[in-house]
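Participant: What follows is a structure written as structure tokens; I'll ask about it next.
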Amino acid sequence: MMVQQTQPGDDLGPAPTGRLNLLLSYAGWQDTPWVDRLPMILYPMGIKSHIAASATAAQRVIQANPIHIAVVDLALPLDADGSQVEEAGTRILNLLARLASPPPTIVIKRKKTAREDTREMSAALRSGAFAIVDRPHAQPEIESLLEVLRKCMNRHYQNRWPGASSQ
């Protein structure tokens, strides 16, 4: 499986004017992960997805682009090459929270024990997470994630792209 670092814009047709930058971090193992399907759904709506398969890649994306919404997988490895197996999703949450303009975050939780689950959810909420969801596997779960993204856009940006001029 190969996960791209950023969304290919050239092969998806003409882009709508104005872009909302979405960080999608993914620490999965599926052959056809949800993170590969989302950019094609969101791109025609003016959302550019930046996919990161490691905390190191996510940090590079955050440094190079203004991030308007972030989807952070708590199981994100530190490095994509596997040399660092430490899960570093909370590092990305902390990095995003320290930005001058922290973006709303949607946290993808890991399957852990109830105690670890509670501790991670509390930490995510303390860092300002907008929502915490299970990792999407099937189409209904992807649709649920899309609904959470829609609610996030509505709450934080009143359904307008950040920086877009009002008409």
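Please treat every number below as a calculation from the coordinates, not as lab data. No experiment lies behind these values; they were computed from the predicted model shown. Because the Cβ atoms are built from the backbone with ideal geometry, glycine has one as well, and the counts that use them run over all protein chains shown.
Participant: Hey, rough spin-label estimate for His137 and Arg150, points 7 angstrom out along Cα→Cβ, what's it come to in nanometres?
Facilitator: Taking the two extended label points, one gets 2.5 nm.
Participant: Fewest to most neighbouring Cβ within 10 Å: what's the order for Thr113, Thr90?
Facilitator: Exposure proxy ranking, most exposed first: Thr113, Thr90.
Participant: Could you give each residue of the stretch 127-141 its phi-based ³J(HN,Hα) in whole Hz, using Karplus coefficients 6.51, -1.76, 1.60 with θ = phi - 60°, and x for Gly or Pro?
Facilitator: 7, x, 4, 6, 8, 10, 10, 6, 5, x, 10, 10, 4, x, 6
Participant: In addition: Counting other C-beta atoms within 10 Å, which of Met153, Met45 has the fewest, and how do the rest follow?
Facilitator: Met45, Met153
Participant: To the nearest 0.05, how large is the calculated FRET efficiency for Asn65 and Arg115 if R₀ is 45 Å and r is the Cβ-Cβ distance?
Facilitator: The pair Asn65/Arg115 has a calculated efficiency of 0.80.
Participant: Next question, about the same structure. So what are the ³J(HN,Hα) numbers for the stretch 142-153, from phi and the Karplus equation (6.51, -1.76, 1.60; θ = phi - 60°), rounded to whole Hz, Gly and Pro as x?
Facilitator: 5, 5, 5, 5, 4, 5, 5, 4, 4, 5, 5, 4
Participant: Expressed as a fraction of 2.2 N^0.38 Å, the rule-of-thumb size for a compact globular protein of N residues, what is the C-alpha radius of gyration of the stretch 10-157?
Facilitator: Ratio of Cα Rg to 2.2 N^0.38 Å: 0.99.
Participant: For the residues Ile62, Ile142, what sequence is obtained by ranking on other C-beta atoms within 10 Å, fewest first?
Facilitator: Going from least to most buried by this count: Ile142, Ile62.
Participant: What relative contact order, as a whole-number percentage, does the stretch 20-74 give when Cα pairs under 8 Å and 6 or more residues apart are counted?
Facilitator: Once normalised by length, the contact order is 58 percent.
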